[in-house]
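Only one structure is covered here, and it is reproduced in the block below.
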Amino acid sequence: MCGIIGIASKENVSSNIINALRKLEYRGYDSAGIAINTAKKINQRKVKGKLDNLIYALQKDQFDGNTGIGHTRWATHGEPSDKNAHPHSSTSVSLVHNGIIENAAELKKSEEVKDYHFESDTDSEVITALLTFYLKEGLSHLESVQKTISSLEGSYALAIIFSDSEDTIYGAKNGSPLVAGTNGVGNSIGSDSIALSSVANKVCYLEDGDITVLNKESIEIYNLEGERANREFVEIGINESEVSKGPYKHFMEKEIHEHPHAVGETFRQFIDYDKGTITISNINLNFDKISKIYLIACGTAYYSCLVGKYYFEQYARTPVECDMASEFRYRDPVIDPNALCIFVSQSGETADTKAALDYCRKQKIQTLSIVNVKNSSIARDSDHCIYTKAGAEIGVASTKAFTAQLSVLLSLSIHLASEKKFVSVEENIKLCKEIMQAPLLLEQAIERSYSLKDTAKAIINAKGVMYLGRGTAFPLALEGALKFKEISYIHAEGYPAGEMKHGPLALIEKDLPVVCIVPPGPLFHKTISNIQEVIARGGKILMITDDETLESNSENIWEVFRLPKCPKSIEAIVYSVPIHMLAYYTAVELGNDVDQPRNLAKSVTVE
Ligand code: M6R
């Protein structure tokens, strides 16, 4: 993980570096640092903790210049501390790194760096040591970068400055994202285009093996073979309001309020307004031949896959396997050659999901990605890509990206079902009408969820929270538990309601509230029986259901939260709102850092 930035400009760069690091903080916030080349001397400051600590340190000891690099860290090798913070510098070179150098331990023992005095416990510092060695050997800056990266194994995105070159930055990439940007004032590199939005109007997504050399006037890119590469720069297309909190206290709160927009915009891509149907026309996939679907992702995106399995099996009668990306390739899966492997990711950079995608591509299996961040690695590397239209998601806890992912998976399953003639045109039209109700129902769900603030107050001292559901409400229970523990730091577990009697009922006691997701439908009464089994053992139930559930079904229930009645097809989407809101309110009530929960980062680019 980690976020890196490098800016070479006609103007002073320190405030722009800090501004970019603010936008990159979602990638890690264990420590932050900056290095600026001033009059052939590198000044640097780096401190443990969030970016605010660095800003404070810089207020006491200011420096500026026209060329600099910055870093925000998510610790992999070495605890969060001042000494392990980046940049890592010698007298001749300073660098910031995102990724993991897998052969760092061997390299540290190599002849080249045997005399180097290592100050940190990081893998990254070995890159500084190697560069320093090759410079001493008389290699040019570019040659020393080339020589150094040729010995690195693992992943890296690097921004490097040399003390004897006041205006130049070198960038290199393998496996970790690196974007180059330009505008009339200067040139820049960073971990994503959002970070570059105030210093670039055009960006270029660098490829593995690329080295870039930039100063305030020019930017050159060399490919793996060391030849000049002609890469396309495209309009950055980022709206600054997307990356600000607006009137909200937290990004997560803002993003929950954006569920209706995210879902509406995502569905809109698939609505054929002439026919009134759901039709996927923007990808060139032969749906007819698909015999099996694999849905592969991590975290919340994986839970969207679990809901997607119900969609594909119910509507398109197509067998589906869901896999956690971190496990997928290690079990040496037997993949049907006519299968479609679908990779779901908000960031499009999750290392495990990307590695699973690479595995499938090597096996020549058809791949499709469902991704939120445009031009991200997973989007670019898959055969086909459908974008969720959730807009920038900054809060580490994923919310609107989840409902947007469900929207794509639902539309895809309806399209596939129509192609395979399991869904008639009339049924497709009916489903399309239901889908069009989603944004309004989501708005109503948000409105009603404000009442969960009081529920949250009542559970902040809980020992843990159990989430239960059946059918698509089961993956929603998993999502609810993940969101809850991620930001409240209270243990939570999601379970299929029908499985409680096979073990977890033993956990039930009054200090372990149980959130039970019980939409109407064929599983309703069975779930109510499971709830009564919990109540009979002293359990305290928060039931999430709809307006039509009779009072008689909520006997002895601690709290009932009601959503507006909604069509079955979009139920999982609408029921996501109270799940996300309850986690949010609980974390706020506890005074936790909602957008940047401890130990985590938004974009998980290490395996
Ligand atoms: O960017 P991705 O969707 O690939 O990320 C996957 C997970 O890391 C992510 O969903 C994570 O679980 C969230 N923090 C959950 O809220």
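Just one of the listed residues (278, 283, 271) is among the aliphatic types (A, V, I, L, M) and modelled with pLDDT under 95, and it is 283. Going by the structure shown, is residue 362 basic (Lys, Arg), in contact (Cβ under 8 Å) with a residue 12 or more places away in the chain and assigned by TED's automatic domain parsing to the domain that holds residue 257? No; evaluated as a whole, the condition is false for this residue.
Evaluating residue 243 against the criteria (1) closer than 18 Å to residue 170 by Cα; (2) touching a residue at least 24 places away in the same chain (Cβ under 8 Å) leaves one unmet condition, (1).
Report yes if residue 342 is within 16 Å of the ligand (Cβ to nearest atom) and in contact with a Leu (Cβ under 9 Å, 6 or more places away or on another chain), otherwise no. For residue 342, the condition - within 16 Å of the ligand (Cβ to nearest atom) and in contact with a Leu (Cβ under 9 Å, 6 or more places away or on another chain) - is met. The set of residues from region 593-607 being among the basic types (Lys, Arg) and within 11 Å of the ligand (Cβ to nearest atom) comprises just one member, 602.
Report whether or not residue 606 is outside the structural domain of residue 482 (by TED's automatic domain parsing) and either buried (at least 17 other Cβ atoms within 10 Å of the Cβ) or part of a loop (DSSP other than H, G, I, E, B) (or both). Criteria met by residue 606. Highlighted here are the strands (runs of 3 or more DSSP E) found entirely within region 1-79 that include at least 1 residues which are open to solvent by 30 Å² or more (accessible area, probe 1.4 Å): 31-38, 41-48. For region 366-378, the set of residues classified as out of contact with any Leu (no Cβ under 6 Å at 6 or more places or on another chain) and open to solvent by 10 Å² or more (accessible area, probe 1.4 Å) consists of 372, 373, 374, 375, listed by residue number. If you scan region 556-584, which residues turn out to be within 16 Å of the ligand (Cβ to nearest atom) and either among the hydroxyl-bearing types (Ser, Thr, Tyr) or surrounded by fewer than 20 Cβ atoms within 10 Å (Cβ to Cβ) (or both)? If the condition is that a residue be within 16 Å of the ligand (Cβ to nearest atom) and either among the hydroxyl-bearing types (Ser, Thr, Tyr) or surrounded by fewer than 20 Cβ atoms within 10 Å (Cβ to Cβ) (or both), then 576, 584 are the ones that fit.
Going by what's in this entry, would residue 391 be described as on the phi > 0 side of the Ramachandran plot and either open to solvent by less than 10 Å² (accessible area, probe 1.4 Å) or more than 16 Å from the ligand (Cβ to nearest atom) (or both)? Against the criterion (on the phi > 0 side of the Ramachandran plot and either open to solvent by less than 10 Å² (accessible area, probe 1.4 Å) or more than 16 Å from the ligand (Cβ to nearest atom) (or both)), residue 391 does not qualify. Confirm whether residue 287 is closer than 26 Å to residue 604 by Cα and aromatic (Phe, Trp, Tyr). No. Restricting 232, 227, 220 to those that are more than 23 Å from the chain's Cα centre (by Cα) and closer than 25 Å to residue 17 by Cβ reduces the list to 220.
Scan region 162-203 for residues that are part of a strand (DSSP E or B), among the charged types (D, E, K, R) and open to solvent by 20 Å² or more (accessible area, probe 1.4 Å) and the total you get is 1.
Out of the residues in region 225-274 that are assigned to a helix (DSSP H, G or I) and of a type in the set (Asp, Glu), state the one that is least open to solvent (accessible area, probe 1.4 Å). Checked region 225-274; the qualifying residue least open to solvent (accessible area, probe 1.4 Å) is 255. In this structure, residue 310 does not satisfy being open to solvent by 60 Å² or more (accessible area, probe 1.4 Å) and in a loop (DSSP other than H, G, I, E, B).
Every residue, every condition in (1) within 28 Å of residue 267 (Cβ to Cβ); (2) touching a residue at least 40 places away in the same chain (Cβ under 8 Å), yes or no:
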{"site": "413", "(1), (2)": "yes, yes"}
{"site": "433", "(1), (2)": "yes, yes"}
{"site": "454", "(1), (2)": "no, no"}
{"site": "468", "(1), (2)": "no, yes"}
{"site": "477", "(1), (2)": "yes, yes"}
{"site": "490", "(1), (2)": "no, yes"}
{"site": "494", "(1), (2)": "yes, no"}
{"site": "502", "(1), (2)": "no, no"}
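Screening residue 511 against (1) more than 16 Å from the ligand (Cβ to nearest atom); (2) out of contact with any strand residue (DSSP E or B) (no Cβ under 9 Å at 6 or more places or on another chain); (3) more than 20 Å from residue 458 (Cβ to Cβ) leaves a single unmet condition, (3).
The values are calculated or read from the model by the stated rules, or taken from the named source; none is laboratory data. Remember, it's a predicted structure, so these values are computed and weren't measured experimentally. Note: ideal-geometry Cβ built from the backbone for every residue, glycine included; neighbour counts use all protein chains shown. Side chains included, ligands, DNA and RNA excluded: accessible areas come from the protein's heavy atoms. Shrake-Rupley method; radii C 1.70, N 1.55, O 1.52, S 1.80 Å.
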